[in-house]
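Below is one structure, written out as C-alpha cells, with a few remarks after it.
The values are calculated or read from the model by the stated rules, or taken from the named source; none is laboratory data. Keep in mind it's a predicted model, so treat the numbers as computed, not measured. Virtual Cβ from ideal backbone geometry, glycine too; neighbours counted across all protein chains shown. Surface accessibility is based on the protein's heavy atoms, side chains included, excluding ligands, DNA and RNA. Shrake-Rupley method; radii C 1.70, N 1.55, O 1.52, S 1.80 Å.
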Amino acid sequence: MWLPCGGTSNYIVTHFRRRLFKAYFRDLGRRRCNVAAFMPEAAGFDGVSDRSALQEFSVSNSESFWAAVARQRLSWIRPFHTVQDCDLSRGEIKWFVGGQLNVSVNCLDRHVHTCPERVALIWERDESGSEVKVTYRSLLEMTCRLGNLLRRHGVKRGDCVTIYMPTCPLAVASMLACARIGAAHNVVFAGFSAEALAERIRDAQSGTVITVNQGVRGGKVTELKKTVDTAVQSCPAVQQVFVAMRTENPVAMTARDVAMEEEMLKEDVVCEPAAMDSEDVLFLLYTSGSTGKPKGLVHTQAGYLLYAALTHRYVFSYHDGDVFGCVADIGWITGHSYSVYGPLANGGTTVLFESTPIYPDPGRYWEMVQRLKINQFYGAPTAIRLLLKYGDEWVHKYDRSTLKTLGSVGEPINTEAWEWYHRVVGDGRCPVVDTWWQTETGGICISPRPSDADAEIVPGMAMRPFFSIKPTLMDTEGKVLTSNDVSGALCIAQPWPGMARTIHNNHQRFIETYCRPHPGYFFTGDGAYRSKEGYYQITGRLDDVINVSGHRIGTAEIEDNQCAAVAESAVIGYSHDLKGQGVYAFVVLKNDVEVQGAALCQQLNNMVSKKIAKYACPDFIQVFVQRLPKTRSGKIMRRVLRKVVERDLDGVGDLSTLDDPTAVQEIIQESRTE
Ligand code: 6R9
C-alpha cells in the first residue's frame, strides 16, 4: 500500500479503498453501459466491458457472439437449434441450423410494421437530378406483386432466376421477390456481353430471366433486351423472360417474353413468404477466376444476411435516419451486400446509383451527395483515382457537410488517392474506411472501423479484423507467421456466417481453391502485411506476386509509389534471365502533364528504392499508356498485362469481365512502339 501504516491511516486506507472500489465500479458500469449502447448484445457477454474486450469475445466465443446477434437482429419463423456446424478443411459450412426465416420479411415487412413511410431506396437515375424515392411500404408491394407473378409463371422454391438489369428499384424488388418465394437469384452485371450472360445462365441452370427493354448509363442507351434475346438462343432451359421498361422505347417481344410491369399490376400486393431454412441458397454470384470459367459462388439465407447487416451497421457506423450511398452496381457483391441486403436488413435508406462518376461531369458524386444528403459514401479506388485527375474544383463546388464516413473497396487504395479522399472529399473530418473483403467472404472482413472513435486510421490500410474474424498469415511453406512486421498469404482461421458455402455445381473446386491450400483455414488468395502494431495491409493477389531474386513483392507495394505526374500504375513480373523475375511497370499520366520519359523513370526508381529497396525498382517502365485493362468493377487485370508482355495473346484466358477490350489493343500497340 502506498500509505505508511499507522493508527490514523487505517481510516484513510478504508476510505480510499471504498472510493477506489466505487470509482472502479462506476467506471466499469460506464464502460459496460458504453459497450452496451454500442452493441446491446454485449450486455449479455461475460467479462465484456469495452470494445476491445468485445472484439476478443467475438473471436474466442464466436458461437455465443453470433447466436446473440442472430437472435437480436433477425426475425425468425423458427429458431435455430445449432449455432454452427462447420468443418473448414472439408468445406462444410452451416450456420443457424434448424432455423427458418424469410430474407424479404427481414428486409421489408418488419420495417413496414414500424415505419412504412420511411424511404428504403433512393434511385439515383442516370439522368442527374431525377431521383426516385421508394418507401418501405411501396417496395414491399412491388416485391409481393413480383413474387406472385413469378409464382404464377411457375417459378418454384429452389429454382434460380437470372437478373440482367441496371441498378434500379425493380432489380432490387426482383432480388427480394426471389427471396420471398424461395428462389435463388443470379444477378449478372448488365454490361456483360450476350456470350458472358449465356454462360452464366447455363451454368446457373436458370429457366427464367428478368431484364429491361434498354439500359441507360453515362447518357448512353444499351440494348439489354436484345442482348438477352441473343444470349437465350444458346440457353435451351430458358422458358420465360420478364421485360421491364427502363425507357419508353418499345422492344420486340416474343412468345417467351412477359411485359413485367403490366402483369405485376394484375397481381395481389400480399405474397405469402416462404419459410426458408438458414442454409437454403439465397443467391449465386459469378466472379471470374484467373483461369478457367467463372465461378458461381453460393450464399445462403441467414448467415449472409446477418453478416451483411452487422458489417453495414458497424463498419460505416450507420444509424437510423442516415442516407447510405454505395455507388457499386448491383451486379457485384458490393452492390448485393451494401446497396441492398445490409442497409435494408437494418431498415436503412440506401442509394441505388445507376450512372458513372463522370456523367454528366466529374462532379457527379459530390453533387449527388449534396442533393441526397448522403451520410456514408462507399466507392472504389479506381473512381477516386479518376476523379483526382480532374482536380479539386469538382469537389469543392458542392456541400459535403452531411458526410460522416467514407469507404473504399475493391482494390488497394494507394496513399495519394486515400489522402485526397480524406482531405478533399471529406474535408479532413471523416474517417476513411478501406474495407477488405471478397465475393467469397460475403461482407467486410478487415476495415479500420469499428474501433474507438479516436482510434488511429493509417492511410491505405484495412487494418482491423471485423467481429469474430481471425486473420492469419502463412509463410511460403504453409507455416503460421506469429510475429508482427511480416508478410504472408492471408487466411482466415475460423468460419464466419457470411462466407460462401460452395461453388455452384462444383464443390470440389471450392475445396481446392479455398480449403485445401491451408487445411483448416479459409485461403483468400491475397497477400497481406501485418505491421509492427498488428494492423493488416493487403499487398495484392498472390498470383500477381513478383519474385525478384528471391524477394517476394506484392504489386500494391510498388504501385503505391507514385509521383505527382502519375495517375495510376500497374506492375507485373516477367521472366528475367538473371533475377528470375523482373518488374515491368505500366504508367498512366495525369491529364495535361508534360514530362520527359527518362526523368519520370528516374523519379519513380528513386521513390521505389527509397520506400522499398533497389531490387524492387522497375526494370522496364512503359509510360504514356492511355489506360489500364480493368474489370468492369474496376480491378486492374494484371494477368492480361502479363500475357501482353509475354506476347502470348492466346493465353489470356477468360476476358468476359474486361471492361473495354480496346484498352488491351492500345497497350499492345504501345508496347510494340516502345
Ligand atoms: C468486395 C470485392 C475481391 C478481391 C480481393 C482483393 C481485392 C477488395 C480490397 C482489395 C485491397 C481492399 N480487394 N477490397 N484489395 N484492399 N480494400 O471487391 O469483391 O470482386 O470478389 O474482389 O478484391 O484482391 O481478393 P471481389
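Summing Lys, Arg as +1 and Asp, Glu as -1, what charge do residues with Cβ under 12 Å from the Cβ of GLY488 carry, GLY488 excluded? Before the final figure, lay out the partial values.
Details: positive: LYS479, ARG530, ARG552; negative: ASP475, GLU477, ASP485, ASP526.
Surrounding charge for GLY488 is -1.
In this structure the amide hydrogen of LYS590, modeled in the peptide plane, comes within under 5 Å of the amide hydrogens of VAL566, ALA567, none closer than 5 places in sequence on its chain. Listed peptides 327-335, 606-614, 511-519 appear in the order 327-335, 511-519, 606-614 once ranked by packing, highest mean of other Cβ atoms within 10 Å at the front.
Using a 1.4 Å probe on the protein heavy atoms, what percent of the accessible area of the chain belongs to carbon and sulfur?
Working: 13730 of 26960 Å².
Taking all protein chains in place, the chain shows 51 percent carbon and sulfur surface.
Convex hull volume of the C-alpha atoms in region 601-674, normalised per residue: 110 Å³.
The H on the amide N of GLY407, modeled in the peptide plane, is under 5 Å from the matching H of PHE377, TYR378, GLY379, VAL433, each at least 5 residues off or on a different chain. Loop-resident chymotrypsin sites (Phe, Trp or Tyr not before Pro) (DSSP state other than H, G, I, E or B) in region 585-649 with no more than 16 further Cβ atoms inside 10 Å of their Cβ: PHE624.
Using a cutoff of 8 angstrom between alpha carbon atoms and counting only pairs six or more residues apart, the relative contact order for the chain works out to 11 percent. Taking the DSSP beta bridges with both ends in the chain, the antiparallel portion is around 60 percent.
Here's how it looks for THR135: its modeled amide H is under 5 Å from those of ALA120, which are all 5 or more places away or on a different chain.
Under a model in which nothing but the beta-carbon of Lys, Arg (+1) and Asp, Glu (-1) is charged, the chain shows a dipole of about 1680 debye around its Cα centre.
With a 1.4 Å probe and every protein chain left in place, work out the accessible area per residue of the chain in Å², rounded to a whole number.
Heavy-atom SASA per residue in the chain reads 40 Å².
Projection of the Cα convex hull of the chain, averaged over all directions and equal to a quarter of that hull's surface, yields 34.0 nm². I want to make sure I understand the PRE zone here: with the label point 7 angstrom from the Cα of GLU666 toward its beta carbon, which residues in region 640-660 have backbone N atoms less than 16 Å away? Counting only backbone N, you get 641, 658-660.
Give the residue list of trypsin sites (Lys or Arg not before Pro) in region 442-539 that are DSSP loop and have at most 13 other beta-carbon atoms within 10 angstrom.
LYS479, LYS532
If the segment from ALA564 to TYR615 were pulled out straight at 0.36 nm per residue, it would be longer than the present Cα-Cα gap by 16.1 nm.
If you take the square roots of the eigenvalues of the alpha-carbon gyration tensor of region 102-142 and sort them as a ≥ b ≥ c, do you get rounded (a/c under 1.5), prolate (a/b over b/c) or oblate?
Values: a/c = 3.40, a/b = 2.24, b/c = 1.51.
Prolate, because a/c is 1.5 or more and a/b exceeds b/c.
Once the piece of chain linking SER575 and ASP452 is laid out straight, how much longer is it, given 0.36 nm per residue of separation minus the C-alpha distance between them?
On the way: separation 123, 0.36 × 123 = 44.28 nm, distance 4.64 nm.
The span from SER575 to ASP452 would gain 39.6 nm if fully extended.
The modelled label-to-label distance between ARG71 and GLU56, using points 7 Å beyond Cα along the C-beta direction, is 2.4 nm.
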